[in-house]
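To start, the structure under review is shown below, and the notes come after it.
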Amino acid sequence: MCRQLPDFDSLAPLESCDPSVFVSGDRAEQEVLDFILSLALVFNDIKNIYWATIHMDAFAPQSVEEISPSAGQFAGMKNHLIRLLCSTLSEFIRLVRDNETSRSSALFTAVIGRCPAAQRRYWNDIVEVSKGGVSDESNDVRELLVKIRNNAGYHYFQVSALGEGYRHFISRDQRSRRRAYVSRGGSMKESRYYFADAAAQGIWEMWEGERMSDAIGKMVEATNGFLIYLMTAFAAIRGFAWRSETQ
């Protein structure tokens, strides 16, 4: 049995259905099924990152101004998880934007129609966000997610943004920012380049990420709530029943 980690014992009982639920001989329908499969992976990936982010807080240093290897590693890891979360949300919005044919299909429309009214409204909002036709705050969040994804989440070749972030970080007069810190060990476990974490933190500050943290958090919760309903409705529309599995 898998060793229990926090919240692992909260999972609902195991169920299954015929694996052909995501397979079709019709090319157009298969594209819709692939789109829904991708949405399911978005749910899992957001959950993974969010889980790690929440449980990292149990190891937070007592003071944000603490200068120590453990405090530096905590800050760097927490910032990385936030960047991964932003990047995943950005990819989710792009997935919605780039699959207009699938999301406009009769199958997907029927699935959305089986969702509660609040979830249908949320889906319509996400579609509008993907097209840029929403409020200034929503557009600000979308643009931040894209910038984080393109410059600090995955694309390490965008070196100028990281350099700007580093210069921004050290320009603020705080005791923890007056030196470039490092742990020079002989292995990955013993080593960390805190100055690189500082550069990534500088990007987050430079683009006012903290100002939009609440909006991003609400988007995470709403997105995963919607996807839970979506997957339930999808199986029903496809005519596949879930079967309880004995463990």
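The values are calculated or read from the model by the stated rules, or taken from the named source; none is laboratory data. What you are looking at is a predicted structure, and each value in this text was computed from that prediction instead of being measured. All Cβ positions, glycine included, derive from the backbone under ideal geometry; neighbour counts span all protein chains shown.
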(request) May I ask you to list the residues in region 5-40 that are hydroxyl-bearing (Ser, Thr, Tyr) and assigned to a helix (DSSP H, G or I)? (result) 10, 20, 38
(message) Just checking, does region 11-31 include any residue being in contact (Cβ under 8 Å) with a residue 40 or more places away in the chain, touching a helix residue (DSSP H, G or I) at 6+ places or on another chain (Cβ under 9 Å) and of a type in the set (Phe, Trp, Tyr)?
(response) no
(request) Would you check if there is a residue in region 56-66 being surrounded by fewer than 16 Cβ atoms within 10 Å (Cβ to Cβ), part of a helix (DSSP H, G or I) and at pLDDT 90 or above? (result) no
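Residues checked against (1) closer than 20 Å to residue 53 by Cα; (2) over 24 Å from the mean Cα position of the chain (by Cα); (3) among the aliphatic types (A, V, I, L, M):
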| residue | (1), (2), (3) |
| --- | --- |
| 167 | no, yes, no |
| 180 | no, yes, yes |
| 200 | yes, no, yes |
| 214 | yes, no, no |
| 220 | yes, no, yes |
(request) Would you confirm whether any residue within region 215-236 is exposed (fewer than 15 other Cβ atoms within 10 Å of the Cβ), in contact (Cβ under 8 Å) with a residue 40 or more places away in the chain, of a type in the set (Phe, Trp, Tyr) and on the phi < 0 side of the Ramachandran plot? (result) no
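Just the residues that are surrounded by fewer than 17 Cβ atoms within 10 Å (Cβ to Cβ) and in a helix (DSSP H, G or I), please, taken from region 89-111. Steps first, please.
Initial filter on region 89-111 (surrounded by fewer than 17 Cβ atoms within 10 Å (Cβ to Cβ)): 94, 97-98, 100-101, 104, 106, 109-110.
Once the filter is applied, which keeps residues that are surrounded by fewer than 17 Cβ atoms within 10 Å (Cβ to Cβ) and in a helix (DSSP H, G or I), region 89-111 yields 94, 97, 98, 100, 101, 106, 109, 110.
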(message) Suppose we keep only residues that are modelled with pLDDT under 70 and among the polar types (S, T, N, Q) within region 125-165. Which one would you say is farthest from the chain's Cα centre (by Cα)?
(response) 135
